[in-house]
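Okay, structure first, notes after.
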Amino acid sequence: MKKQVSALIVTFVFAALLIFINSCSKCTEIYITTVMNVYPNADSLEITKYNTLLLLIQFDYDYEKMCKYKTGAKWKNQIKYFSVISNNDYNENYKKGSNLEEIIDMTYQYKPGNFWNEETVSLNDYLISNSECFLKARLILKTKPDSMRLHKLTFNYKETDDSTEYKFETVPFYITP
């Protein structure tokens with residue numbers, strides 16, 4: 001009887017230990033972008049000063065749990081290509097069809113649950129030094145247009161898997177120097 005009770009206790013302790021160890025293991029959440037949205041803080045045909053125009057980029061996402069890796073959450077892919085194309089002449093240096101990434105600053109939120117990185121970085125520098133995907137970004141123009149103009153922007157985005165690709169056009173809005 002003592003052997004049976006002892007074996008039962010050992011089995012119970014072993015099972016509890018296994019449950020505890022498995023509940024403490026960290027699974028990696030692999031984030032996958034599903035939709036890209038761009039929200040300008042200007043309504044259609046509203047006049048906005050260039051450095052107060054805020055373009056919020058937000059990705060909807062899904063995630064997979066990968067329990068064989070224990071490295072924390074990360075994005076499944078990297079940014080392969082990201083551009084902000086001017087659909088109208090912006091100024092003397094940035095004509096219709098120009099990529100404006102050199103004249104855009106950004107702050108960003110890397111992944112769900114993270115705080116915003118409030119340090120402003122150039123979009124161009126971010127893309128050169130860091131190809132990590134991000135959950136949200138706030139983009140601000142840092143160069144004046146040469147006059148008040150009706151403007152529309154096209155965002156092109158592609159990830160390293162070559163199948164995740166988004167294109168988004170803003171509503172037209174007026175920007176002023």
Inset, instruction - With the checklist (1) modelled with pLDDT of 90 or more; (2) surrounded by 17 or more Cβ atoms within 10 Å (Cβ to Cβ) in hand, flag the one item LYS142 doesn't pass. - result: (2)
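Which of the residues spanning segment 55-89 are modelled with pLDDT under 80 and either within 30 Å of LEU150 (Cα to Cα) or part of a strand (DSSP E or B) (or both)? Spell out the reasoning first.
Taking segment 55-89 and keeping what is modelled with pLDDT under 80, we get 61-76.
Hits for segment 55-89 are TYR61, ASP62, TYR63, GLU64, LYS65, MET66, LYS74, TRP75.
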Legend entry - Residues that are farther than 29 Å from GLU119 by Cβ and surrounded by 15 or more Cβ atoms within 10 Å (Cβ to Cβ), drawn from segment 153-177: PRO172, TYR174
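Let's see how each residue does on (1) basic (Lys, Arg); (2) within 17 Å of ILE57 (Cα to Cα):
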position	(1), (2)
MET106	no, yes
TRP116	no, yes
VAL121	no, yes
SER129	no, no
CYS133	no, yes
LEU139	no, yes
LYS152	yes, yes
SER163	no, no
PRO172	no, yes
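Against the condition touching a residue at least 40 places away in the same chain (Cβ under 8 Å), charged (D, E, K, R) and under 30 Å from ASN77 (Cα atoms), how does LYS167 come out, does it pass?
On the way: touching a residue at least 40 places away in the same chain (Cβ under 8 Å): no; charged (D, E, K, R): yes; under 30 Å from ASN77 (Cα atoms): yes.
For LYS167, the condition - touching a residue at least 40 places away in the same chain (Cβ under 8 Å), charged (D, E, K, R) and under 30 Å from ASN77 (Cα atoms) - is not met.
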Legend entry - Residues being closer than 20 Å to GLU46 by Cβ, among the basic types (Lys, Arg) and in a strand (DSSP E or B) - total across segment 112-158: 2
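The values are calculated or read from the model by the stated rules, or taken from the named source; none is laboratory data. If you're wondering where the values come from, they're calculated on a predicted model, not measured in any experiment. FYI the Cβ positions are ideal-geometry reconstructions off the backbone, even for glycines, and counts take in every protein chain you see.
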